[in-house]
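One structure below.
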Amino acid sequence: MSIYFQKDRGWKADFTLNGRRHTSRYFKTKREAKQAEIQKKEEILNPAPMKPVETTQTDMAFFDLVNRRLDHVKDYNSESYYQTYQVSARRWVRQWKEFTCSEISRDMVERFILDRSKVSAFTANKEIRYLKATFNFGKKKGWITENPVVGLSFLPMAKRFKYVPAAEDIDTLIALADPEVQDYLWLLRDTMGRVSEVNRLVWDDVNLEQRYVVLYTRKKRGGHLTPRKVPMTEKVFSILSRRFSDRDKTRPWVFWHSYVSRDNGERKVGPFKDRREVLKNLCTKAGIRRFGFHALRHAGASLMDNCNVPLGSIQRILGHENRTTTEIYLHSINQAEIAAMAVYEQARGKSHSDSPAIKKTGPGPTT
């Protein structure tokens with residue numbers, strides 16, 4: 001009997017089907033036990049189709065990968081890096097919009113890099129770095145399996161010293177700016193901060209009592225904002241004291257502006273993101289060789305190095321993780337190298353004076 005009753009427990013289904021015994025739990029009524037038996041037999045005789053096994057994604061549209069990478073760069077890198085990366089990304093999409101990542105071959109990448117090398121080796125190498133990072137990002141996320149840029153060699157290029165403006169040129173340029181821009185340029189010059197760091201500077205990070213500012217940079221592994229304290233010069237203290245007294249207390253930023261949003265056309269207030277045209281126009285107005293904001297960092301680092309400031313102190317002020325990065329910023333010839341050349345010159349002169357005279361020989365008199 002497939003349905004039976006047990007005192008103090010209730011009704012239960014107990015049956016054999018296809019050579020296997022099946023039992024149910026106890027029910028209060030015989031009808032419930034019978035219904036459970038019917039349902040179980042139905043499940044055994046007509047099993048539900050198996051769910052498809054989920055497979056790991058191994059490919060995706062290149063356009064989608066680029067957009068996801070752009071979102072990541074925007075969240076974890078500096079504004080300037082995002083902007084330059086975006087320019088390259090648009091160029092790639094025009095080239096390979098209709099392809100999946102697996103369809104982009106090493107040969108296609110090499111032809112693209114060769115074409116970009118016609119601009120310059122520096123431009124081509126930047127494309128290699130950005131493309132490699134994009135495909136590696138996809139691999140790390142498990143979206144793709146191959147990176148067609150891996151192993152692609154950088155183009156050889158002649159390294160040149162970065163142009164560092166003279167202090168007199170910087171003075172001339174600042175003097176031609178309006179008062180608001182003068183304050184901005186002096187902050188950049190005397191903190192040696194990056195543009196993004198000064199743009200995001202808020203009053204909570206300005207300590208007028210102890211005379212330092214806190215600058216935050218994203219140029220760290222992982223994209224985290226990392227703070228550092230930079231002591232104020234007298235010039236910076238004077239500027240920030242005045243601006244603090246005159247500040248709009250509803251605005252947290254030291255430097256801010258009103259602008260129209262590109263997203264919705266609404267007028268907004270916020271910190272600056274890019275002021276590249278300001279410096280470009282001032283250089284033209286001053287009639288001096290054009291330079292960028294970053295050159296102010298190089299100029300400050302070289303000046304400190306000339307005054308024998310320890311390399312470790314320069315490194316901390318600039319906010320570098322690696323000592324070798326700081327050394328790139330030092331364009332001055334230090335005293336040790338000057339002294340070495342003086343020793344060489346003295347030794348060379350002495351060696352020349354001690355050498356025996358070389359007698360000229362020629363044909364003898366004719367007879």
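Okay, here's what the table says:
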| quantity | calculated |
| --- | --- |
| Matching entry among Lys118, Lys97 (being basic (Lys, Arg), exposed (fewer than 12 other Cβ atoms within 10 Å of the Cβ) and touching a residue at least 12 places away in the same chain (Cβ under 8 Å)) | Lys97 |
| Every residue from the stretch 300-336 that is acidic (Asp, Glu) and loosely packed, with under 10 Cβ neighbours inside 10 Å | none |
| Per-region count, the stretch 273-314, residues part of a loop (DSSP other than H, G, I, E, B), at pLDDT 90 or above, within 26 Å of Leu173 (Cα to Cα) and not aliphatic (A, V, I, L, M) | 6 |
| Val150 assigned by TED's automatic domain parsing to the domain that holds Trp96, over 14 Å from Val66 (Cβ atoms) and in a loop (DSSP other than H, G, I, E, B) | no |
| Sole exception among (1) assigned by TED's automatic domain parsing to the domain that holds Ile239; (2) surrounded by 14 or more Cβ atoms within 10 Å (Cβ to Cβ); (3) modelled with pLDDT of 95 or more for Gln210, by number | (2) |
| Residues being modelled with pLDDT of 90 or more and out of contact with any strand residue (DSSP E or B) (no Cβ under 7 Å at 6 or more places or on another chain) - total across the stretch 255-272 | 1 |
| Counted residues, the stretch 137-173 - those being under 29 Å from Ser302 (Cα atoms), touching a His at 6+ places or on another chain (Cβ under 8 Å) and surrounded by 13 or more Cβ atoms within 10 Å (Cβ to Cβ) | 2 |
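The values are calculated or read from the model by the stated rules, or taken from the named source; none is laboratory data. All figures in this text were calculated on a predicted structure; none of them were measured in a lab. Because the Cβ atoms are built from the backbone with ideal geometry, glycine has one as well, and the counts that use them run over all protein chains shown.
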